[in-house]
Amino acid sequence: MTNDWLNVGKIVNTHGIHGEIRVISRTDFPEERYAIGNTLYVLTNKGERFPLEIMSWRQHKQFDLLTFKGYTNVNDVEQFKGQLLQIHENSLNDQLDEGEFYYRDIIGMTVLTDTGEELGKVKEILSPGANDVWVVQRKEKGKDILIPYISDVVKKVNKKDQKVIIHPMEGLIDE
């Protein structure tokens, strides 16, 4: 396996005065990633990583709130604002259920309609609420296409061929 690090969240702010940080999550598995006792790594602006052991995790609005062992004051965690939280790919549990994928598996895949029209490539995945939204950069110039990851739209994901087949709902791919 390569020496790859995966982003699981971005620290956007502190929360309260007891060392809690506010994270925009970039993982489909927050219960696993943010479990008490797990270690995450903060990637500093200088490109250095240092480990932080999770003391607590809870969800609040669209954020994940974390505290770390040894960081019990807002002044201790102020330095982390704007930093990425990462894990090493060796720590992944590759036992995914049918229809489950890591974001890294989906990003870069070519998206085609069920009639064979190539739309573009997945460039990002958003997790705004009930379901993920795949951001597709069009093959031709134009605004990105937002594809909800629901069974009515995403019909097939072929990891081997790096292709996603969708059935576009009315208005989904219109400019």
A correct Stokes-Einstein calculation for the range 50-136, using the alpha-carbon Kirkwood radius, 10 °C and 1.306 mPa s, returns a whole-number D in µm² s⁻¹ of 96 µm²/s
Proximal lysines to Lys81, defined as alpha-carbon separation beneath 28 angstrom and excluding residues fewer than eight positions away on the same chain
Lys10, Lys46, Lys61, Lys69, Lys123
Once the mean of 1/r over all distinct C-alpha pairs in the range 5-91 is inverted, the Kirkwood radius in Å reads 12.6 Å
Give the span of the chain's Cα atoms along each principal axis, as three whole-Å numbers ordered largest to smallest.
56, 35, 30
Least to most buried among Leu6, Leu40, by other C-beta atoms within 10 Å and fewest first, runs Leu6, Leu40
Using modelled amide H (1.01 Å from N, peptide plane; none on Pro or chain starts), what sits under 5 Å from the amide H of Glu20, excluding residues fewer than 5 places away?
His15
Each residue of the range 112-125 in order: what ³J(HN,Hα) in whole Hz does its phi give by Karplus 6.51 cos²θ - 1.76 cosθ + 1.60, θ = phi - 60°, with x for Gly and Pro?
10, 7, 6, 9, x, 6, 7, 9, x, 10, 5, 10, 6, 10
Work out how much length Asp97 to Gln137 would gain on full extension: take 0.36 nm times their residue separation and subtract the Cα-Cα distance, in nm to one decimal.
11.6 nm
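Where a number appears in this text, it was derived from the coordinates with a stated rule and is not lab data. Computed from a predicted structure; not experimentally measured. Please note: Cβ atoms are built from the backbone with ideal geometry, for glycine as well, and neighbour counts cover all protein chains shown.
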